[in-house]
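These notes concern the structure reproduced below.
The values are calculated or read from the model by the stated rules, or taken from the named source; none is laboratory data. As the structure is a prediction and not an experimental result, all values here were calculated from the model. Here Cβ is always computed from backbone atoms with ideal geometry, including for glycine, and neighbour counts include all displayed protein chains. Side chains are part of the model used for accessible areas, which takes the heavy atoms of the whole protein and leaves out ligands, DNA and RNA. Shrake-Rupley method; radii C 1.70, N 1.55, O 1.52, S 1.80 Å.
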Amino acid sequence: MEAGEELKQTIREMPEEERPREKLLQQGPARLSNAELLALILSTGRKNETALALSQRLLGRLEGWRGLLEASLEEMMEIEGIGLAKAAQLKAVAEISQRLPQTGVAEEVLSSPASAAEVLMPRLRYLQQEKFCVVLLNTKNMVIAVEEVTIGGLNSSLVHPREVFKRAIRRSSAAIILAHNHPSGDPSPSREDIMVTRRLIEVGDLVGIQVLDHIIIGDGRFLSLKQEGAI
């Protein structure tokens, strides 16, 4: 095959077992590559380039799924072959992937920092800004809800105890777990992280709602301030 010939081949000209849709039907979605899954979403390519080839080029340009999740509409549309319609499709898929971890969380029992991180990792791992959340728990450490408190750097002016505990009181929470992400990917706590956490623990003791832990989410890693002995 000469250079460039693969890009000119249409999906219809590919062997049937290699076409993304037929491969999914015959072998199941787990057997498809990232590019093949993306090709099914995009549906069409462009002149002299199949949807599969476009998907491979797109993932290469954005450096994989994480880049796809983080890219703006404008950044996607800078890639040849990606117009407004395809960029909107991709952003919709990225948003769905962010929302899915929020389903099925209620009634899950958190028995350890690792179990809390498992709930929090998918929704916080890829964010480009710091987001501070509170996990609301009942008397059996069962998740009532995970609620966003603020977006931005974690400091005492942004994370006010009133905003944290009014959510816990409104949902009749017995305890809470604090959580935020570090966009750098490094979950090591800052001095401000520890200070804010200790302040919220003190307020929790006053209002009768225990702060069990503060989980910091990085890229595939997490840190528990309680496990570290910082609180």
> Of all the accessible heavy-atom surface of the chain, with the other protein chains kept in place and a 1.4 Å probe, what percent is carbon and sulfur?
Replying inline: 49 percent
> Mind listing the phi-derived Karplus ³J(HN,Hα) values for region 128-133, rounded to whole Hz, using 6.51, -1.76 and 1.60 with θ = phi - 60°, and x for any glycine or proline?
Replying inline: 8, 10, 5, 10, 9, 10
> Which of the GluC sites (Glu not before Pro) found in region 27-134 are in a DSSP loop and have at most 10 neighbouring Cβ atoms, other than their own, within 10 Å?
Replying inline: Glu107
> Rounded to the nearest whole Å², what accessible area per residue is found for region 163-222 with the 1.4 Å probe?
Replying inline: 46 Å²
> Given H placed on each backbone N at 1.01 Å, which residues far from Glu108 in sequence or on other chains put an amide H within less than 5 Å of it?
Replying inline: Val143
>> Let me make sure I get this right: for region 140-231, a, b and c are the square roots of the gyration tensor eigenvalues over alpha carbons, sorted descending. Under 1.5 in a/c it's rounded, otherwise prolate if a/b > b/c, else oblate. Which is it?
In response: prolate
> Between Thr150 and residues 5 or more places away or on another chain, which pairs have amide H atoms under 5 Å apart, with H built 1.01 Å from N, and which residues are they?
Replying inline: Phe132
> Using helices alone, what [θ] at 222 nm do you get for the chain, with -39,500 (n - 2.57) per DSSP H run of 4 or more residues, divided over all residues and rounded to the nearest 500?
Replying inline: -12500 deg cm²/dmol
> Quick one: Debye curve from the C-alpha atoms of the chain, no solvent, what's log10 I(q)/I(0) at q = 0.16 Å⁻¹?
Replying inline: -1.03
